[in-house]
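The values are calculated or read from the model by the stated rules, or taken from the named source; none is laboratory data. Fair warning: this is a prediction, and the values are worked out from it, not measured in the lab. Every residue, glycine as well, gets a Cβ built from its backbone with ideal geometry; the counts of neighbours run over all protein chains shown.
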Amino acid sequence: MNSNQHYERVEIVKIIFQRLLQMFLTLLGASLIIWALLPLAPGDPAMRILQSLGVTEPTQHEVETKREELGLNQPYHMQYIQWLGRLVQGDFSESYQNGKPVLEELGRRLPDTFRLASLSLVLTIFFSISLALICTAFHNQWPDHLILFLTQIGASTPSFLIGVLTLQFVVVKLGVGKVLSQGDVKMILLPALCLSVNRSSNWSQLLRAGLLEAVNAKYSLVATARGARKLRLLFKYALPNAMLPFLTVIGLGIGGIIGGSAIIEAIFTWPGIGSFVFKAITARDYPVVQGFVIIAGASYVLASTLVDITSTLLDPRIREGGQL
């Protein structure tokens, strides 16, 4: 092993260590924020839990007993320290609603959320690359202008609104799909499409800008002068060079897709983590909400860390600079 290879390996290990430290600090910060914000939500979780168990008008004594049983009568900082200690050991506490372990409840619903998020990610990447290539190939022509107009609308429309409109006009009016999907694989396409519209609109614009920059770079001009056709120029020279920042966006978007699926799952009654957490928020089931935030945050940070490491391995300029 020569000195350059040794130096590169040291830099890679250093960057990986930095990213793992950032991941730990990010998760710790996320846990602090969610723990601080949840108690500010209106409603007493002990009251909500008793009502969900059929006690329509619980007495003050019943509420106080339930609060003591759940440990809600302790100071917030003590509750957080105890919860964090259990979390480090892999214990996400128990759900206030049914008393079952939160990790077990979330884990049982994770495969359905993973299927929805995975298909949404595949569709987002496919549409982003396809639209960006069309825009670059027909730059400043009507296909480019039309796609830019449509993606601007898609980028400015939140996913939950797209889901509601799709449910109303496509499912109810046109009869395509079902109002109650209940996890049917055949019904996964509509919610996945709704979840991908906003991100594919944003990502395609970003990739378009990278492709245009790559097409106008010196190496592309040299390839054009040597007789390279437009398709060859796009796929062999422009796209590989524009993919590195696009990979970073994908890594940052993975956690957003998992975290943002909650409302879409609730709209389409998809039996994943999102719909379960949506009910937990209504019931003030703090452990479930906190567990979901930690899992969503971990997926976001882990995906971005893997993308950072991949970028470090692919681009020697990052290793030379010692940063991403």
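Step by step: first the residues of the stretch 179-194, then only those that are at pLDDT 60 or above and more than 18 Å from GLY260 (Cβ to Cβ), then the one that is surrounded by the fewest Cβ atoms within 10 Å (Cβ to Cβ). Which residue is that? In this case the residue turns out to be LYS186.
Give me the residue from the stretch 105-161 that is of a type in the set (S, T, N, Q), farther than 13 Å from VAL197 by Cβ and within 22 Å of the chain's Cα centre (by Cα) and, out of that set, surrounded by the most Cβ atoms within 10 Å (Cβ to Cβ).
Taking the stretch 105-161 and keeping what is of a type in the set (S, T, N, Q), we get 113, 118, 120, 124, 128, 130, 136, 140-141, 151-152, 156-157, 159.
Within this subset, residues satisfying the condition of being farther than 13 Å from VAL197 by Cβ are 113, 118, 130, 136, 140-141.
Adding the requirement that they be within 22 Å of the chain's Cα centre (by Cα) leaves 113, 118, 130.
Details: THR113: 26, SER118: 15, SER130: 14.
It comes out as THR113.
What's the total number of residues in the stretch 73-96 that are out of contact with any Lys or Arg (no Cβ under 8 Å at 6 or more places or on another chain) and surrounded by 11 or more Cβ atoms within 10 Å (Cβ to Cβ)? Final tally of qualifying residues: 12.
The criterion of being modelled with pLDDT of 75 or more and over 36 Å from the mean Cα position of the chain (by Cα) does not hold for GLU68.
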